[in-house]
């Protein structure tokens, strides 16, 4: 319990009570998140002043109840290499109440969870799966230190996708599913700590997106028999939080494979046809990346009709100029086109990967390359890999299984890079400004 002092200024509102109680609770599992709660007898806001000493310098806004009397702030995403001074503060009109100074030292990650070797600097955080001897969902800071993590106790396989929830208070985790095990789930871990909410998503793999109203759209396997041979295609399904499924679209709705015998065999038996590895939802459309077909499909979400297909043998959108893509990952729609992680350009004899942005004109059915970053063609990434806009400008490039993260500035030059030790890599990586949460 901490005593709060308050000061009055001109034009006072109804005064705060003279003493306010502040309670703090540490995330018991990892010690990386501190939840601070208090109340006021007058409607007020909530924040934590934070810094290396009692001069503070940073401010973390928090949550207040509808009546403005109950307050909470979650401190998370902070470096474990120093003590953090903090004090709670509430403001009502011209009155400000603050707590006495306190300190918080975040917990250090387990030794098996790698720190990253870093060059350059950033204040951003990166949310990503780390795939290695043991796989984790991790948030890294600009020094390459894990500042939040969870290890999922499951036999489902390695993680491919970890996302921050839409409201910013939870970390959403999905694992890669071996074909032999169709059971899957999305785990919603509160940043502040506690047990996750689990949503069963049978047949899910690689990627998912949270829905505004709750539940998820998920990439799922869709295996069917063609000419007596089991062929694995892909589909999209919506899963409510209770696991109820609604099918949205399937690649089988518009086509079948041309040559079943030519498809690669998989360990569990089906032939690998589309191998979709990621998707985006934007403007009433699904943007789906098919690694095996080397194509990007844009599908109308309401009708299920393919609006356009870029790349591959069935392309109906023409590339203007040079710079097509090969087996790719992670489309991200932009105002004028889309971002894409190109794993291995088909017109180059040496394998390498690159982050690319294209302009797209669906009226003329043409697209062209706007820019690319290929790290001097030094990083081949056959598995995973993505590129996305960074807060404040620039882009984050996650080099997937190669275990490298690169932050580019607005001119597409690297300003920060982090690398895992040998033997581990990343799933899809996402850059965020900070972590928050509610109790």
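Could you name every one of the strands (runs of 3 or more DSSP E) located completely within the range 255-305 that has at least 2 residues being farther than 25 Å from residue 162 by Cβ?
295-300
Among strands (runs of 3 or more DSSP E) lying entirely in the range 31-111, which contain 3 or more residues that are over 20 Å from residue 145 (Cα atoms) and more than 30 Å from the chain's Cα centre (by Cα)?
It comes to 84-92, 95-99.
Working carefully through the options 335, 417, 354, find the one that is more than 21 Å from residue 159 (Cα to Cα), without any contact (Cβ under 8 Å) to a residue 24 or more places away in the chain and touching a strand residue (DSSP E or B) at 6+ places or on another chain (Cβ under 6 Å).
Checking each option against the conditions leaves just 354.
Do you know which of the residues in the range 394-409 that are in contact (Cβ under 8 Å) with a residue 60 or more places away in the chain and assigned to a strand (DSSP E or B) is nearest to residue 160 (Cα to Cα)?
398
Go over the candidates 283, 304 one by one and state the one that is more than 18 Å from residue 368 (Cα to Cα), in contact with a helix residue (DSSP H, G or I) (Cβ under 9 Å, 6 or more places away or on another chain), surrounded by fewer than 20 Cβ atoms within 10 Å (Cβ to Cβ) and in the same structural domain as residue 215 (by TED's automatic domain parsing). Give the steps one after another, and end with the answer.
Details: 283 fails: in contact with a helix residue (DSSP H, G or I) (Cβ under 9 Å, 6 or more places away or on another chain).
Of the residues listed, the single one that is more than 18 Å from residue 368 (Cα to Cα), in contact with a helix residue (DSSP H, G or I) (Cβ under 9 Å, 6 or more places away or on another chain), surrounded by fewer than 20 Cβ atoms within 10 Å (Cβ to Cβ) and in the same structural domain as residue 215 (by TED's automatic domain parsing) is 304.
Here's the yes/no breakdown for (1) within 25 Å of the chain's Cα centre (by Cα); (2) modelled with pLDDT under 95:
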{"site": "347", "(1), (2)": "no, yes"}
{"site": "353", "(1), (2)": "yes, yes"}
{"site": "356", "(1), (2)": "yes, no"}
{"site": "361", "(1), (2)": "no, no"}
{"site": "371", "(1), (2)": "yes, no"}
{"site": "381", "(1), (2)": "yes, yes"}
{"site": "391", "(1), (2)": "yes, yes"}
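Might you check whether a residue that is closer than 16 Å to residue 22 by Cα and either surrounded by fewer than 17 Cβ atoms within 10 Å (Cβ to Cβ) or outside the structural domain of residue 24 (by TED's automatic domain parsing) (or both) occurs anywhere in the range 45-57? Walk me through how you get there before you give the answer.
Of all residues in the range 45-57, those closer than 16 Å to residue 22 by Cα come to 45-50.
Imposing the further condition that a residue be either surrounded by fewer than 17 Cβ atoms within 10 Å (Cβ to Cβ) or outside the structural domain of residue 24 (by TED's automatic domain parsing) (or both) reduces the set to 45.
Checked against the condition, which is being closer than 16 Å to residue 22 by Cα and either surrounded by fewer than 17 Cβ atoms within 10 Å (Cβ to Cβ) or outside the structural domain of residue 24 (by TED's automatic domain parsing) (or both), the range 45-57 yields at least one hit.
Do the conditions hold for residue 325, that is, is it outside any strand (DSSP E or B) and under 18 Å from residue 381 (Cα atoms)?
Yes; evaluated as a whole, the condition is true for this residue.
Of the residues in the range 417-439, how many are part of a loop (DSSP other than H, G, I, E, B), within 30 Å of residue 66 (Cα to Cα) and at pLDDT 80 or above?
Step one: of the range 417-439, the residues part of a loop (DSSP other than H, G, I, E, B) are 420-424, 427-429, 433-439.
Subsequent filtering for residues that are within 30 Å of residue 66 (Cα to Cα) retains 433-439.
Now narrow it down to the ones that are at pLDDT 80 or above: 433-435.
So the count comes out to 3.
So in the range 180-194, with the set limited to residues that are more than 16 Å from residue 34 (Cα to Cα) and assigned to a loop (DSSP other than H, G, I, E, B), which one is modelled with the highest pLDDT?
184
Considering only the range 246-268, how many residues are surrounded by 14 or more Cβ atoms within 10 Å (Cβ to Cβ) and modelled with pLDDT of 95 or more?
5
With respect to residue 103, is the statement that it is under 26 Å from residue 402 (Cβ atoms) and touching a strand residue (DSSP E or B) at 6+ places or on another chain (Cβ under 8 Å) true?
In short, no.
Going residue by residue through the range 343-353, is there one that turns out to be touching a helix residue (DSSP H, G or I) at 6+ places or on another chain (Cβ under 6 Å) and either closer than 19 Å to residue 406 by Cα or loosely packed, with under 15 Cβ neighbours inside 10 Å (or both)?
Here is the first cut: in the range 343-353, the ones touching a helix residue (DSSP H, G or I) at 6+ places or on another chain (Cβ under 6 Å) are 352.
Next cut, either closer than 19 Å to residue 406 by Cα or loosely packed, with under 15 Cβ neighbours inside 10 Å (or both) only: 352.
Yes - at least one qualifying residue is present in the range 343-353.
Can you say whether residue 320 is surrounded by fewer than 18 Cβ atoms within 10 Å (Cβ to Cβ) and touching a strand residue (DSSP E or B) at 6+ places or on another chain (Cβ under 8 Å), as far as the supplied structure shows? Lay out the reasoning, then the answer.
Working: surrounded by fewer than 18 Cβ atoms within 10 Å (Cβ to Cβ): yes; touching a strand residue (DSSP E or B) at 6+ places or on another chain (Cβ under 8 Å): yes.
Yes.
Anything in the range 265-285 that is in contact (Cβ under 8 Å) with a residue 60 or more places away in the chain and closer than 16 Å to residue 332 by Cα? List them, or say none.
Correct list: 276, 277, 278, 279, 280, 281.
It is to be established whether one or more residues within the range 153-163 are at pLDDT below 95, out of contact with any helix residue (DSSP H, G or I) (no Cβ under 8 Å at 6 or more places or on another chain), crowded, with 21+ Cβ neighbours inside 10 Å and more than 24 Å from residue 393 (Cα to Cα).
Yes, the range 153-163 contains a residue that is at pLDDT below 95, out of contact with any helix residue (DSSP H, G or I) (no Cβ under 8 Å at 6 or more places or on another chain), crowded, with 21+ Cβ neighbours inside 10 Å and more than 24 Å from residue 393 (Cα to Cα).
Quick check on residue 130: is it at pLDDT below 95, surrounded by 23 or more Cβ atoms within 10 Å (Cβ to Cβ) and either not assigned by TED's automatic domain parsing to the domain that holds residue 422 or not in a loop (DSSP other than H, G, I, E, B) (or both)?
Criteria met by residue 130.
Looking at 380, 391, can you tell me which residue is assigned by TED's automatic domain parsing to the domain that holds residue 124, part of a loop (DSSP other than H, G, I, E, B) and more than 23 Å from residue 280 (Cα to Cα)?
Every option except 380 fails the conditions.
The values are calculated or read from the model by the stated rules, or taken from the named source; none is laboratory data. Only a predicted model underlies this, so the values are computations on that prediction, with no experimental measurement involved. Note that we place each Cβ from the backbone using ideal geometry, even for glycine, and neighbour counts take in every protein chain shown.
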